[in-house]
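Read through the structure below, which is laid out as structure tokens, and then see the notes.
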Amino acid sequence: MSQLLQKIKDDVKEAMRNKENFKRDTLRTLTAAIKQQEVDSRQEADDALVETLIQRLVKQRDEAASQYKEAGREDLYEQEKLEAEILKSYLPEQLSDAELE
């Protein structure tokens, strides 16, 4: 099992203990996507696959949030943004423009 997947599973347990239902549900959605990918590809997920799935889910959340914003649904917009922030916390930190140059 990848280290990142193990950390996510540990965080699900911690969220359950702390009664953080939103975080728990978001991480469960992530683990379900990982499990589905493992079944589809018939191989165990490594850290690179998990990061790719997280990036895909973050992109989906960002697109949905922008659509909700355009439709005037602030409640759903905030929910999507919060889910994206939780998921982004498992990705490596992005380089800034100055660091990239």
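The values are calculated or read from the model by the stated rules, or taken from the named source; none is laboratory data. Please read these numbers as outputs of a predicted model, since none were measured by experiment. Cβ: placed from backbone, ideal geometry, glycine included. Neighbour counts: every protein chain shown. All accessible areas refer to the heavy atoms of the entire protein, side chains included, with ligands and DNA or RNA removed. Shrake-Rupley method; radii C 1.70, N 1.55, O 1.52, S 1.80 Å.
Checking each residue in segment 63-74 for being in a helix (DSSP H, G or I) and open to solvent by less than 70 Å² (accessible area, probe 1.4 Å) picks out 64, 65, 66. Annotation note: Cβ proximity below 6 Å between a residue of segment 41-61 that is over 14 Å from residue 31 (Cβ atoms) and a residue that is open to solvent by 40 Å² or more (accessible area, probe 1.4 Å) (sequence gap 6+ or interchain) occurs for 58/88.
Is it the case that residue 60 is surrounded by 13 or more Cβ atoms within 10 Å (Cβ to Cβ), at pLDDT below 95 and not in a loop (DSSP other than H, G, I, E, B)? Answer is no for this residue.
Only residues that are touching a Lys or Arg at 6+ places or on another chain (Cβ under 9 Å) and not aliphatic (A, V, I, L, M) were counted in segment 25-50, giving 1. Being surrounded by 12 or more Cβ atoms within 10 Å (Cβ to Cβ), free of Cβ contacts under 8 Å to residues at least 40 places away in the same chain and over 17 Å from the mean Cα position of the chain (by Cα) is a property that does not hold for residue 77. The residue list 16, 1 contains one member that is at pLDDT 95 or above, among the hydrophobic types (A, V, I, L, M, F, W, C) and more than 16 Å from the chain's Cα centre (by Cα), which is 16.
Rundown of residues vs (1) open to solvent by 90 Å² or more (accessible area, probe 1.4 Å); (2) among the basic types (Lys, Arg); (3) over 21 Å from residue 85 (Cα atoms), yes/no style:
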| position | (1), (2), (3) |
| --- | --- |
| 3 | yes, no, no |
| 11 | no, no, no |
| 19 | yes, yes, no |
| 26 | no, no, no |
| 30 | no, no, no |
| 34 | no, no, no |
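Residues that are within 17 Å of residue 51 (Cα to Cα) and in a loop (DSSP other than H, G, I, E, B) within segment 1-30 comprise 1, 2, listed in sequence order. Would you be able to say whether some residue in segment 41-55 is outside any loop (DSSP other than H, G, I, E, B), under 18 Å from residue 7 (Cα atoms) and over 13 Å from the mean Cα position of the chain (by Cα)? Yes, the conditions are met somewhere in segment 41-55.
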